[in-house]
Amino acid sequence: MSQNRDNCIILLVDPPEADRINQALKTAFGPERAAHVNGDLLSAAYKLAKGFGDAILLLSYQKTTRHPDLTWLDPEDPGFLEVKNNAGEARLQDAFRLAFFTGAKKAVLISHLSPDLKSDWISLAFDALGDRAVAIGANQDGSFYLLGLTQQNLKLLETPGFSHGKSAEGLADRAKKNKLAVFSTPETYSITGEDTLLKWMEAKETLTPLFQHHAQPENKKHHKRHTYGQEAQVQPPPEKPLL
C-alpha cells in the first residue's frame with residue numbers, strides 16, 4: 001500500500017547512550033542492560049512504524065556527537081525532526097505540531113515501550129480519528145502507549161502534566177470535558193521490569209537478526225530472565241559432558 005500523507009505516525013527516538021535512556025528502564029535493569037533493552041524496543045517499534053504503509057513516519061530525535069544520525073537504527077539513515085526542547089511533554093507537542101505543519105490531517109504517537117502494539121491497532125486509531133474524536137491506547141499500568149489527534153485537538157496537550165501518572169485516563173477525561181469522543185485501542189503492557197521483559201521475549205515466535213545475540217537454546221528458555229543484555233557473561237554449553 002502506498003503511503004497516505006494525510007496520516008502520520010510519530011515515534012520518539014533516543015540515542016543508544018546510557019544517559020539518554022528512559023529512567024524507569026535504568027532503574028529496572030541498570031544503565032548498561034537498559035541500553036540493550038531500549039535499543040531492541042526502539043528497533044521493533046521502528047520496524048512496525050516503517051512497515052505501516054498507510055502513513056508517513058516522523059521520528060523525533062536529539063542527535064549527539066557519538067550518534068549524529070540514525071544509521072544505528074536504519075542503515076538507510078531516515079530523516080528526523082531534531083529535538084529543540086528535550087522536556088518530554090514539550091517534545092511531544094512539537095512533534096505533533098510539525099506533523100500537522102507538514103500537511104498531515106491525523107497523527108498517531110506510539111510508544112516503543114509497549115512492544116505488543118499491533119499494526120491493526122494503529123489502523124483502527126486512524127480510522128476513528130476526527131475533529132470530534134481522539135484515539136488513546138492504555139497500558140495496564142495506566143500510562144498511554146498510543147495517542148491519536150487532529151490539529152483541532154492539540155489543545156488537549158496544552159496543560160502540563162498530561163503524560164504523568166495514569167496518563168491514559170487523564171487524557172480521556174480531558175477529551176470528554178471538551179466534548180470529544182474517545183476511541184480506545186486494546187489494552188496492553190509496557191516494559192517496566194523483568195516480568196514484562198520476559199513476557200515480551202517469550203511471546204516472540206521467531207527472533208529477528210537484531211535479537212539473535214540474545215537468543216537462548218530451547219532447553220535454556222528459563223534462563224532468559226538472567227541473561228538478556230548480559231551475553232558477554234554467558235558461556236556456550238560444552239559439546240560433550242565434562243569428565
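Being buried (at least 18 other Cβ atoms within 10 Å of the Cβ), part of a helix (DSSP H, G or I) and within 16 Å of the chain's Cα centre (by Cα) is true for just one of Ala168, Ala138, Ala172. Which residue is that?
Selected residue: Ala168, the only one of Ala168, Ala138, Ala172 that is buried (at least 18 other Cβ atoms within 10 Å of the Cβ), part of a helix (DSSP H, G or I) and within 16 Å of the chain's Cα centre (by Cα).
Condition first: hydrophobic (A, V, I, L, M, F, W, C) and free of Cβ contacts under 8 Å to residues at least 60 places away in the same chain. Now tell me which residues in region 57-95 satisfy that.
Once the filter is applied, which keeps residues that are hydrophobic (A, V, I, L, M, F, W, C) and free of Cβ contacts under 8 Å to residues at least 60 places away in the same chain, region 57-95 yields Leu57, Leu58, Leu59, Leu70, Trp72, Leu81, Val83, Ala87, Ala90.
Going through Asp116, Asp131, Asp127, Asp173 one at a time, which residue ends up being in the same structural domain as Phe52 (by TED's automatic domain parsing) and under 30 Å from Leu198 (Cα atoms)?
Asp116
Which one of the conditions (1) among the hydroxyl-bearing types (Ser, Thr, Tyr); (2) touching a residue at least 40 places away in the same chain (Cβ under 8 Å); (3) more than 17 Å from Ala45 (Cα to Cα) does Ser114 fail to meet, given that it meets all the rest?
(3)
Would a scan of region 61-70 turn up a residue that is within 17 Å of the chain's Cα centre (by Cα), assigned by TED's automatic domain parsing to the domain that holds Asp19, at pLDDT below 95 and of a type in the set (Val, Ile, Thr)?
no
Is it the case that Ala95 is in a helix (DSSP H, G or I), of a type outside the set (Asp, Glu) and under 15 Å from the mean Cα position of the chain (by Cα)?
In short, yes.
Evaluate the following for Phe52: is it within 16 Å of Asp127 (Cα to Cα) and aromatic (Phe, Trp, Tyr)?
It is true that Phe52 is within 16 Å of Asp127 (Cα to Cα) and aromatic (Phe, Trp, Tyr).
Per-residue answers, yes or no, for (1) touching a residue at least 24 places away in the same chain (Cβ under 8 Å); (2) within 20 Å of Leu197 (Cα to Cα); (3) of a type in the set (A, V, I, L, M); (4) not in a helix (DSSP H, G or I):
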{"position": "Gln3", "(1), (2), (3), (4)": "yes, no, no, yes"}
{"position": "Ile9", "(1), (2), (3), (4)": "yes, no, yes, yes"}
{"position": "Pro16", "(1), (2), (3), (4)": "yes, yes, no, yes"}
{"position": "Asp19", "(1), (2), (3), (4)": "no, no, no, no"}
{"position": "Val37", "(1), (2), (3), (4)": "yes, yes, yes, no"}
{"position": "Leu42", "(1), (2), (3), (4)": "yes, yes, yes, no"}
{"position": "Tyr46", "(1), (2), (3), (4)": "yes, yes, no, no"}
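The values are calculated or read from the model by the stated rules, or taken from the named source; none is laboratory data. Here the structure is a predicted model, which is why all the values come from computation and not from measurement. Ideal geometry is used to build each Cβ from the backbone, glycine not excepted, and the neighbour counts take in all protein chains shown.
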